[in-house]
1. Restrict the check to the range 141-158 and report whether at least one residue is under 24 Å from the mean Cα position of the chain (by Cα) and touching a residue at least 60 places away in the same chain (Cβ under 8 Å).
2. Counting just the residues of the range 123-137 that are out of contact with any helix residue (DSSP H, G or I) (no Cβ under 8 Å at 6 or more places or on another chain) and touching a residue at least 12 places away in the same chain (Cβ under 8 Å), which one comes out surrounded by the most Cβ atoms within 10 Å (Cβ to Cβ)?
3. Given (1) under 23 Å from residue 80 (Cβ atoms); (2) out of contact with any helix residue (DSSP H, G or I) (no Cβ under 6 Å at 6 or more places or on another chain); (3) in a strand (DSSP E or B), where does residue 227 come up short, assuming only one miss?
4. Would it be correct to say that residue 196 is outside the structural domain of residue 271 (by TED's automatic domain parsing) and modelled with pLDDT of 85 or more?
5. In the set 86, 94, which member is in a loop (DSSP other than H, G, I, E, B) and either at pLDDT 95 or above or farther than 18 Å from residue 162 by Cα (or both)?
6. Which one is nearest to residue 101 (Cα to Cα) among residues in the range 54-81 that are at pLDDT 75 or above and in a loop (DSSP other than H, G, I, E, B)?
7. From the list 210, 218, 238, exactly one residue is modelled with pLDDT under 95 and surrounded by 17 or more Cβ atoms within 10 Å (Cβ to Cβ). Which is it?
8. Taking residue 145 as meeting all but one of (1) part of a helix (DSSP H, G or I); (2) out of contact with any strand residue (DSSP E or B) (no Cβ under 9 Å at 6 or more places or on another chain), write down the number of the exception.
């Protein structure tokens, strides 16, 4: 029997994999690398991810749907508690859990806290993914692999696999997909060919604006930034071959004193946020965009249930 005939008889698999880890462990970057396109925003600030983004990896024999959750952390606000609830709910619904542990940082209390939670999930296979391997030498990587193996033994469970990857260097990213796919159930495709995410376009646009707004304000502004796209409408008077999409969005912060930081001297920072995010939005939507941004104050929104609802949490 030829290899071609054998492969055509292999059952199609489709299912959900969830990446977990403490904040800034490389989950979003890995999601984007596997999908081959930006579907999750990345930042060196913790707690960047606030929505579970499904990135979809299509293969002839499988469809791997990646759920990118917020980092599990000790919550200080109502928003923090809700983000943790999102993580735990997601864990209960996926076919395989990938635990991201950065190669360049020793295992800390945050990692052990998550590993302990994972030990309580008996049926779901767990894969340890050692991220950011491009930042360490082989000795440091070997020490981290041993520590991760030891961690599961101490907690009384076994990793299905331990996989070192570099999403930035594109090392072993496709191998990771090869190892996750056999852990999925046999199933026809769950999404149409060509779909890369099921995140609504307005949410993705808002996230791209927030990603641009987070850059350059790391020390001055905590995660008080939220973005809501109010409307996305095609400009009516444009010819068919020169479309333009009008996007009106509000950037929310918690205190009036933060407004100047976002807007910048003579409005330059906000202008830069608009320019940078517009490029990513146009790449995402495949059409020219006019982006209209406004900064508004939603007082202490991270602690206010009413404001959290309004801002989509």
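1. Checked the range 141-158: no residue is under 24 Å from the mean Cα position of the chain (by Cα) and touching a residue at least 60 places away in the same chain (Cβ under 8 Å).
2. Start the filter on the range 123-137 by keeping residues that are out of contact with any helix residue (DSSP H, G or I) (no Cβ under 8 Å at 6 or more places or on another chain), which leaves 123, 132, 134-135, 137.
Add one more test, that the residue is touching a residue at least 12 places away in the same chain (Cβ under 8 Å), and what stays is 132, 134-135.
Numbers: 132: 23, 134: 14, 135: 15.
My answer is 132.
3. (2)
4. In short, no.
5. Numbers: 86 fails: in a loop (DSSP other than H, G, I, E, B).
Just a single option satisfies the conditions, and that option is 94.
6. Ranking the qualifying residues of the range 54-81, first place goes to 77.
7. Working: 218 fails: surrounded by 17 or more Cβ atoms within 10 Å (Cβ to Cβ); 238 fails: surrounded by 17 or more Cβ atoms within 10 Å (Cβ to Cβ).
That would be 210, the only listed residue that is modelled with pLDDT under 95 and surrounded by 17 or more Cβ atoms within 10 Å (Cβ to Cβ).
8. Of (1) part of a helix (DSSP H, G or I); (2) out of contact with any strand residue (DSSP E or B) (no Cβ under 9 Å at 6 or more places or on another chain), only one is false for residue 145: (2).
The values are calculated or read from the model by the stated rules, or taken from the named source; none is laboratory data. Everything numeric in this text was worked out from a predicted model, so none of it was measured. All Cβ positions, glycine included, derive from the backbone under ideal geometry; neighbour counts span all protein chains shown.
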